[in-house]
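Take a look at the structure set out below.
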Amino acid sequence: MKHVVILLAIVFGQSAASRIGQSAEPIEIGSRRELFVDRYLIDELSGGAALTLHKPEPQEVVLTTDKPWEGNTCAYYTIFRDGDRYRMYYRGSHYDETSKKAAHREVTCYAESTDGIHWTKPELGLFEFNGSKKNNIVWDGIGTHCFVVFKDENPECPPAARYKGISRGRPRGKKGLYVFKSPDGIHWSLLRTEPVITEGAFDSQNLAFWDRHANVYREYHRTFVDGVRAIMTGTSTDFVNWSEPVLLKFPGAAQEHLYTNAVRVYERAPHLLIGFPTRYLPKQASRVEPVFMSSRDGLSFHRWPDAVIGEDAPEDRGGNRSNYMAWGLLQLPHNDREYSVYATEAYYTGPDSRVRRFTYRVDGFVSAHAGDEAGDIVTKPITFDGKRLTVNFATSTGGKIQIELQDVNGKPLEQLSLNDCRPLKGDAVDQTVRWGKSADVGSWAGKPVRLHFRLTNADLYSFRFQE
């Protein structure tokens, strides 16, 4: 067989030979949505095809930190949807440039919205600041430097701890991450009086969440490796007892300072984790910029080298720590084609700082792209469930996408070839693919196949087999 493969390599090229000689099991994708955020499913990328990182579009400023208990160093924003409203948690703090000292103690603030754009700061009446409780301070105790909140979707979660928090604390020298609980997201108490994670540095937006795909809690926190800021992770089944934290892996990526991490489950494809770690550039006046990464196991991440929000997007992002991505990915009401993300600006410049909204197309972090020169993408062998193939795509003038199903050796399946495929043109987030008059591929469900995409002046963001 070895000599046959060598001959095939000479006659047909290495790719064809490797297909026939391979013995790898097909990848089971079932009916899950697959994005082009990495090369996990890709066997061949040829012609004009390439994976292209996309940047979110800047929108309006949604929050200005102009209250006396807030200020120019407000940071570590957490934003999520909770039923028919959106919640935001963040640090209230201010740095006096004249005295070079903090102007007041750090507090945790709260805001809410019904549309993700217009935010209010309710007078909660919980904690006193300068003699008054008329403020939106939601927590004023251990952990206010970087208090992060999530709503616990674990079906076993008791109502009294439906909302959970995690933050750095160091009372009486007991440094580490402390965990919190709340029945309503407003009234908070410690889950444990001792830190639950002690290995790390923690001076960042450390976070945790329930991963329903893996059926565990995950946490991501800051540490240092040889003086370089890095990220560690651990898992838990009860949010109190955690595994020993381990460093994230970034195969092929340069070692860089990573400040915040903003890791989360991507809800449209919950087997994927995505993150917007903030790259810290100490040799560029401590400038920061968010980048994008993704993972299939929560430990090894494919990290893209280019910033997704530059310092010119659109203003006041070039200064010291003035361009953090918030931890939040929101689909706003009556808009199933976009996700909103949020990033800070005007940090330290004062007298306030701001939060600006940006928008991504759904699944639109990375695309398989081709311009005037046609490009081809061929997947590794896969098995699927369902009867039809749907895609999220966009073409420019004169552009098109055609798709075929192949056997594991690259032979087009009968009536499912590129020539049989009706060209996809336009812009759709959930378009059914047709070959001739039929979209039915159900006879191949559960059997090993390859997908072959041919693109011209087009972007392909994701695909999925469905009933």
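The values are calculated or read from the model by the stated rules, or taken from the named source; none is laboratory data. Owing to the predicted nature of the structure, the values given are computational and were not obtained by experimental measurement. With ideal geometry, Cβ positions are generated from the backbone for all residues, glycine too; neighbour counts draw on all protein chains shown.
What to note about this one:
- For the criterion of being in a strand (DSSP E or B) and either under 30 Å from GLY71 (Cβ atoms) or not β-branched (Val, Ile, Thr) (or both), SER417 fails.
- Residue count for the range 162-201, restricted to those that are touching a residue at least 40 places away in the same chain (Cβ under 8 Å) and either surrounded by fewer than 20 Cβ atoms within 10 Å (Cβ to Cβ) or not in a strand (DSSP E or B) (or both): 10.
- Test result for VAL308, part of a strand (DSSP E or B), more than 11 Å from the chain's Cα centre (by Cα) and of a type in the set (A, V, I, L, M): no
- Search result, residues across the range 331-357 that are surrounded by fewer than 21 Cβ atoms within 10 Å (Cβ to Cβ) and among the hydrophobic types (A, V, I, L, M, F, W, C): LEU332
- Single condition PRO423 does not satisfy, out of (1) surrounded by fewer than 17 Cβ atoms within 10 Å (Cβ to Cβ); (2) of a type outside the set (A, V, I, L, M); (3) under 28 Å from the mean Cα position of the chain (by Cα); (4) closer than 17 Å to ALA439 by Cα: (3)
Let's see how each residue does on (1) of a type in the set (Asp, Glu); (2) in the same structural domain as ILE166 (by TED's automatic domain parsing); (3) closer than 23 Å to THR52 by Cβ:
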site: ASP316; (1), (2), (3): yes, yes, no
site: ASN320; (1), (2), (3): no, yes, no
site: ARG356; (1), (2), (3): no, yes, no
site: ALA370; (1), (2), (3): no, no, yes
site: VAL391; (1), (2), (3): no, no, yes
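- Only a single criterion out of (1) farther than 21 Å from TYR360 by Cβ; (2) surrounded by fewer than 15 Cβ atoms within 10 Å (Cβ to Cβ); (3) among the hydroxyl-bearing types (Ser, Thr, Tyr) is not satisfied by THR52, namely (1).
- Subset of the range 23-58 [assigned to a strand (DSSP E or B), among the hydroxyl-bearing types (Ser, Thr, Tyr) and under 28 Å from GLU289 (Cβ atoms)]: THR52
- Those residues of the range 308-328 which are surrounded by fewer than 21 Cβ atoms within 10 Å (Cβ to Cβ) and either among the acidic types (Asp, Glu) or over 24 Å from ASP66 (Cα atoms) (or both), in sequence order: GLY310, GLU311, ASP312, GLU315, ASP316
- Verdict on TYR40 being within 26 Å of ASN206 (Cα to Cα), out of contact with any helix residue (DSSP H, G or I) (no Cβ under 7 Å at 6 or more places or on another chain) and at pLDDT 95 or above: no
- Any hit, the range 123-132, residues being of a type in the set (S, T, N, Q), under 28 Å from the mean Cα position of the chain (by Cα), surrounded by fewer than 21 Cβ atoms within 10 Å (Cβ to Cβ) and assigned to a strand (DSSP E or B): no
- Given (1) surrounded by 23 or more Cβ atoms within 10 Å (Cβ to Cβ); (2) assigned by TED's automatic domain parsing to the domain that holds VAL263; (3) in contact with a strand residue (DSSP E or B) (Cβ under 6 Å, 6 or more places away or on another chain), number of the condition SER93 does not satisfy: (3)
- Restricting the range 379-414 to residues that are β-branched (Val, Ile, Thr) and either in contact with a Lys or Arg (Cβ under 6 Å, 6 or more places away or on another chain) or not in a strand (DSSP E or B) (or both), the residue that is farthest from VAL308 (Cα to Cα) is VAL408.
- Any hit, the range 291-300, residues being more than 27 Å from ASP66 (Cα to Cα) and modelled with pLDDT under 95: no
- Enumeration of residues in the range 225-244 that are assigned to a strand (DSSP E or B) and surrounded by 13 or more Cβ atoms within 10 Å (Cβ to Cβ): VAL228, ARG229, ALA230, ILE231, MET232, THR233, GLY234, THR235, SER236, TRP242
- Residue list for the range 261-278, filter: touching a His at 6+ places or on another chain (Cβ under 8 Å) and surrounded by fewer than 19 Cβ atoms within 10 Å (Cβ to Cβ): PRO270, HIS271
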